[in-house]
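**Q** Structure in structure tokens, see below.
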Amino acid sequence: MLVVMSPRALPADIERVCDEITRQGFKPLPMPGATRTAIGLLGDDAKVDWGYIEGLPGVASVLIVQKPFRQAAREWKPENTVVEIAPGVRFGEGPIPVVAGPCSVESETQILEAARAVRAAGAVALRGGAFKPRSSPYAFQGLGVRGLELLALARRETGLAIVTEAMDERGADLVAEHADCIQIGARNMQNYALLKHVGRLGRPVLLKRGLSATINDLLLSAEYILAEGNANVILCERGVRTFDSATRNMFDLTAIPVVQKLSHLPMVADPSHGTGLRGMVTPMARAAVAAGADGILVEVHPAPDQALSDGAQTLFPDQFAELVRQLRAIAAAIGRELATLPSPA
Ligand code: PEP
Ligand code: MN
């Protein structure tokens, strides 16, 4: 539930509404806006005496948010949320950031080469997993803390912001120490203990859609993070499992405008995991920008054929450079542009 105050409401009126919400056993969340304040009510609001609240001085209207997710809903917050993961790297408004890098951090040479290549081509953030969620326990599991240190080194060398995955609470603390944005992978989208933990950390979170998650499931997972007081959530479409084995996943382009209609949170697209096939990444990245994505995530490796994970869907650096050129043209066609970092590395 959301109590919208009139533009002429006095501070005392706002306080009285908050007191009443507290008296009824709920938590008030005042959200001052440019012209008026809205007060969110947190908790299971089915039993609230909203008729009484509606009659209090200064109250313009009471809005019952019908969606199962509340704070993630557009009704709760009509304007787009902008998540800034590092100075100038902003998702949700203005120029579109491109995040690129290998699936996994493998060595100092590999990550630095990848970082320099994607930086030169126009990426503003580097991705790369230090903690890898692999289907097989015998597959490469990532370099762990050493991987995070190498990402931090790459940031110092290139100025790129860092996005990297955490698979558990301890990992999230470590990622928060070394990186700018904590990625929660598809397999952990419904790891609620982890979602609550990153909610409490307060750092930007990139939350990927689960392998068979509905859009509703994705937004409810985001709600776990928001409910802990962390509004810095970026959502990501990365394909879902279907009956079709022609691609690794089915990249759900429609999810981009659907999520943007339902939620104020930025929605980015990962056509690498979305398709699983190198040859399909460029067309789907172009389509995602055309569809209005608030950012693009692409896997790029200096030598994809030798990659320790996801090589088949990973672009060669020159393919990525060409992709960025094409994305610039597509962004321009819809009145947008790609984000750039202040000065070349
Ligand atoms: C990744 O980004 O490398 C990754 C493991 O992604 P997802 O969780 O979408 O499979
Ligand atoms: Mn990957």
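The values are calculated or read from the model by the stated rules, or taken from the named source; none is laboratory data. Computed from a prediction, not measured in an experiment: that's the story for all the values here. All Cβ positions, even for glycine, are placed from backbone atoms using ideal geometry, and neighbour counts span all protein chains on display. Accessible surface areas use protein heavy atoms only, side chains included; no ligands, DNA or RNA. Shrake-Rupley method; radii C 1.70, N 1.55, O 1.52, S 1.80 Å.
**Q** Scanning for something open to solvent by 10 Å² or more (accessible area, probe 1.4 Å) and in a strand (DSSP E or B), does the stretch 241-250 turn up at least one residue?
**A** yes
**Q** When you scan the stretch 3-25, how many residues do you find that are touching a helix residue (DSSP H, G or I) at 6+ places or on another chain (Cβ under 7 Å) and of a type outside the set (A, V, I, L, M)?
**A** 1
**Q** Kindly indicate the residue of the stretch 124-139 that is crowded, with 24+ Cβ neighbours inside 10 Å and within 13 Å of ligand 2 (Cβ to nearest atom) and also nearest to Val99 (Cα to Cα) among those meeting that condition.
**A** My answer is Arg127.
For (1) among the acidic types (Asp, Glu); (2) closer than 25 Å to Ala186 by Cβ; (3) outside the structural domain of Val281 (by TED's automatic domain parsing); (4) within 16 Å of ligand 1 (Cβ to nearest atom), each residue gets a yes or a no:
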position: Ala293; (1), (2), (3), (4): no, yes, no, yes
position: Ala303; (1), (2), (3), (4): no, no, no, no
position: Gln306; (1), (2), (3), (4): no, yes, no, no
position: Ser309; (1), (2), (3), (4): no, yes, no, yes
position: Pro317; (1), (2), (3), (4): no, no, no, no
position: Phe320; (1), (2), (3), (4): no, yes, no, yes
position: Arg325; (1), (2), (3), (4): no, no, no, no
position: Ala329; (1), (2), (3), (4): no, no, no, no
position: Ala339; (1), (2), (3), (4): no, yes, yes, no
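**Q** Tell me, please, whether a residue that is modelled with pLDDT of 95 or more, closer than 21 Å to Trp76 by Cα, open to solvent by 10 Å² or more (accessible area, probe 1.4 Å) and more than 15 Å from ligand 1 (Cβ to nearest atom) can be found in the stretch 266-275.
**A** No - not one qualifying residue is present in the stretch 266-275.
**Q** The conditions are (1) open to solvent by less than 10 Å² (accessible area, probe 1.4 Å); (2) of a type outside the set (A, V, I, L, M); (3) assigned by TED's automatic domain parsing to the domain that holds Arg286; (4) more than 21 Å from Asp294 (Cα to Cα), and Gly40 fails exactly one of them. Which is it?
**A** So Gly40 meets the others, but not (3).
**Q** Now for a different question. Any idea how many residues of the stretch 214-240 are assigned to a loop (DSSP other than H, G, I, E, B), in contact (Cβ under 8 Å) with a residue 40 or more places away in the chain and open to solvent by 10 Å² or more (accessible area, probe 1.4 Å)?
**A** Residues flagged as assigned to a loop (DSSP other than H, G, I, E, B), in contact (Cβ under 8 Å) with a residue 40 or more places away in the chain and open to solvent by 10 Å² or more (accessible area, probe 1.4 Å) within the stretch 214-240 amount to 2.
**Q** What are the residues in the stretch 140-176 that are over 22 Å from Ala114 (Cα atoms), in contact with a helix residue (DSSP H, G or I) (Cβ under 8 Å, 6 or more places away or on another chain) and either without any contact (Cβ under 8 Å) to a residue 12 or more places away in the chain or open to solvent by 50 Å² or more (accessible area, probe 1.4 Å) (or both), if any?
**A** Correct list: Met167, Asp168, Glu169, Asp173.
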